[in-house]
Structures are given as C-alpha cells and as structure tokens.
1. Could you please find all residues in the stretch 21-44 being outside any helix (DSSP H, G or I), out of contact with any helix residue (DSSP H, G or I) (no Cβ under 9 Å at 6 or more places or on another chain) and open to solvent by 20 Å² or more (accessible area, probe 1.4 Å)?
2. Out of 149, 155, 91, 159, report the one residue that is assigned to a loop (DSSP other than H, G, I, E, B) and either touching a helix residue (DSSP H, G or I) at 6+ places or on another chain (Cβ under 7 Å) or modelled with pLDDT of 95 or more (or both).
3. Among the listed residues 48, 129, 67, which satisfies the condition of being part of a loop (DSSP other than H, G, I, E, B), closer than 23 Å to residue 21 by Cα and not hydroxyl-bearing (Ser, Thr, Tyr)?
4. In the stretch 1-20, how many are crowded, with 18+ Cβ neighbours inside 10 Å and closer than 15 Å to residue 165 by Cβ?
5. Just to be sure I understand the filter: pairs with C-beta atoms under 7 Å, separated by 6 or more residues or on different chains, first member in the stretch 116-135 and aromatic (Phe, Trp, Tyr), second member buried (at least 22 other Cβ atoms within 10 Å of the Cβ) and assigned to a loop (DSSP other than H, G, I, E, B). Which pairs pass?
6. Within the stretch 62-103, how many residues turn out to be open to solvent by less than 20 Å² (accessible area, probe 1.4 Å) and among the small types (Gly, Ala, Ser)?
Amino acid sequence: VLEDDLITSKYFLRYMNEALRRYAKADSVMQISGNQHDISGDHTSAGFLPFATSWGWGTWKRAWEKFDPLCVGYESFLADADACRRFDLDGGASFSTMLRRQMSGTEKIDSWAVRWWWKIFTLNGLTLFPGKSLVMNIGFGEDATHTTGAQTRRGDFDGNTQIVNFPSSVEVDKALWSQVLQFFNNRKAAGAKKPAG
C-alpha cells in the first residue's frame, strides 16, 4: 500500500517482495513495513515489532481478512487501562484516544490505520520494520488529508537505503523496540514543552 505522497528508496520494492515471500506462512506476522522512525542502529537489517504502520506497507490475504472495521470488543478494551497503555506504546502515543474518537462516530475522523493497529494488537501480531526508513512522506501542509502540520521528521531519509539482513526467527527485536518506544516518548515530551498558542 503506497499513497501518492510517499517517496521510496530504490530498494523498497525488493525489500517488500523478499519479506512478503519469507514470512508468507508465519501467521503471527501481519504486516511488512517500509517505514521506520528516526532511530539509530543497524540500517541494513530488519526486525519484528509489535506495532503497525500506515506509510508504505504490505500484507497477505490471510492477515487482511482479520481486519475488523467495527472493532468488535473495543469498548471493553478501552476500559482496560493497562491494555490502552501498551496500545499507546507505553504512553508515547495517543492511539487509544484516536480509536475512541474513530468508533464514537461523533467526531470527524476516518482512520482505517488505527483499526488495523487495534486488530494486530489484539491478535499479538507482528510487523517487520526496516532498521532505517525506506519511505519518506512529503504529504504535509494545508492541502493534506491527515498531516496538516509541518513536517518534523525524515531528515535522515536516503533513497539508497537497502535492507539485506532479515530475522531468521519470528520474535520481537527487543533492541529495536526499545528505540522505537524511546522515539515516541521523546516526541511526546518535546510536544509537551511547546508553548501554547
């Protein structure tokens, strides 16, 4: 799935096809991501994370058939503070609030992505992420559908990034996961320090 505001590395498609082939029968793997957040680490390797993305990704029929646009059971999920904290990446994001707004139907929000993340979360699914992003979103600004603010990331994007190392076992890459959680917590802390107005 590639939206028209994404620029990809010239090796993006090679990575996606290889990953989709390698993990086609691994039921717990629900998504292959071409996106990665601004983190340091091994930029030639990929790792599994218990998370989802909406910028440059792929999946299989077996996984997408599990997508539930009605999010059956979301009410009890939102009542579980511990589950919401984990869904919100240890408090670094506001996905539970986004899910609540999506499902209430009273606010102008239409996100398949938060519902897809919710389904992956409830199934303990995994996504393969590259060590460095293979996509850059340039769709920011007043005319954008969702990202109307100024772009604040992707300063490290390199169109020549190539992923050559794939995990042999399907399990969370703890070092990579720690970096992603830190990224979200740092971003939230930076946002909280901005002056009002």
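1. 26, 28, 43, 44
2. On the way: 149 fails: either touching a helix residue (DSSP H, G or I) at 6+ places or on another chain (Cβ under 7 Å) or modelled with pLDDT of 95 or more (or both); 155 fails: either touching a helix residue (DSSP H, G or I) at 6+ places or on another chain (Cβ under 7 Å) or modelled with pLDDT of 95 or more (or both); 159 fails: either touching a helix residue (DSSP H, G or I) at 6+ places or on another chain (Cβ under 7 Å) or modelled with pLDDT of 95 or more (or both).
Exactly one of 149, 155, 91, 159 is assigned to a loop (DSSP other than H, G, I, E, B) and either touching a helix residue (DSSP H, G or I) at 6+ places or on another chain (Cβ under 7 Å) or modelled with pLDDT of 95 or more (or both), namely 91.
3. Details: 48 fails: part of a loop (DSSP other than H, G, I, E, B); 129 fails: part of a loop (DSSP other than H, G, I, E, B).
Of 48, 129, 67, the one residue that is part of a loop (DSSP other than H, G, I, E, B), closer than 23 Å to residue 21 by Cα and not hydroxyl-bearing (Ser, Thr, Tyr) is 67.
4. Here is the first cut: in the stretch 1-20, the residues crowded, with 18+ Cβ neighbours inside 10 Å are 6, 8-9, 11-12, 15-16, 19.
When the remaining residues are screened for being closer than 15 Å to residue 165 by Cβ, the result is 11, 15, 19.
Residues meeting the conditions: 3.
5. Close Cβ pairs satisfying both conditions: 116/52; 117/52; 129/36.
6. Total meeting the criteria: 5.
The values are calculated or read from the model by the stated rules, or taken from the named source; none is laboratory data. It should be emphasised that the depicted structure is a prediction, and the values quoted were computed from it without experimental measurement. Please note: Cβ atoms are built from the backbone with ideal geometry, for glycine as well, and neighbour counts cover all protein chains shown. The protein model used for the area step is the full one, side chains on, heavy atoms only, and it has no ligands, DNA or RNA in it. Shrake-Rupley method; radii C 1.70, N 1.55, O 1.52, S 1.80 Å.
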